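Rule-based calculations on the coordinates, nothing more; no lab input. As the structure is a prediction and not an experimental result, all values here were calculated from the model. Here the Cβ positions follow ideal geometry from the backbone for every residue, glycine too, while neighbour counts run over all protein chains shown.
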Amino acid sequence: HSAWVGVAPNLWTTANSGKTWIKLKFSCPEGVISPSAAAASSASDIAIACSDQGYPQPGMSIKEVFTSTNAGRTFSKQGQPSEAGQVFQLAMVPANPKVITLEAASGATFLDRSVNGGKTWAQATFDDGGTGMRDLAYVSATTGYTVHVVFSRPRP
């Protein structure tokens, strides 16, 4: 019954299947950092990734993750994922807000994963030329899915 939607800097939420919408008061820190992706673990637990795409150099981005445990009324800054790649997706495990996964890509594809609500992050790197992933999602506490896009060259 809950959903979050928006394009930076306007983010909206509903808790009644879209009958009414409320604008979140959240905004990323001042400067060029803007919301890149959002995910939810429950109607109360939300994560928003803010990033500065292409800084400190092309193919990288400063990333900050903010979490809320009260349906977006307040947010807390968590630890920072690596700077590798530009942010594309964010996912959380249903009913377990401690597990957050962020997908980024540039010259490779990167999955940054936190198991403690964003305080610390571990990264997996896929040497795929940065083709990226699609539809990153968890369907249960133990199962998640993504579509890894890999292009191959025709053989001569």
Handout entry: Surrounding net charge for Ala37, when Lys and Arg each add one and Asp and Glu each subtract one, Cβ distance under 11 Å
Key = 0
Handout entry: Surrounding net charge for Thr109, when Lys and Arg each add one and Asp and Glu each subtract one, Cβ distance under 12 Å
Key = -3
Completion exercise
Candidate cut points under chymotrypsin sites (Phe, Trp or Tyr not before Pro) in region 69-156, DSSP loop plus at most 14 other Cβ atoms within 10 Å of their own Cβ, are Phe151
Exercise for the section: Give the range of the longest stretch in the chain that excludes all trypsin sites (Lys or Arg not before Pro) found in loop regions by DSSP and having at most 14 other beta-carbon atoms within 10 Å. Expected result: 26-72
Exercise for the section: Quick one: compute a quarter of the convex hull surface over the Cα atoms of region 80-119 and quote it in nm². Expected result: 2.6
Handout entry: Estimated dipole of region 16-98 in Debye, rounded to 20 [Cβ of Lys and Arg +1, of Asp and Glu -1, Cα centre]
Key = 380
Practice task
Calculate, in nm to one decimal, what Ala15 and Ala95 gain on full extension: separation in residues at 0.36 nm each, minus their alpha carbon distance.
Solution key: 27.2 nm
Handout entry: Förster radius 25 Å - calculated FRET efficiency between Thr142 and Ser82 (Cβ-Cβ, nearest 0.05)
Key = 0.50
Problem - Environment charge at Cys50 (Cβ cut-off 15 Å; Lys +1, Arg +1, Asp -1, Glu -1) - result: -2
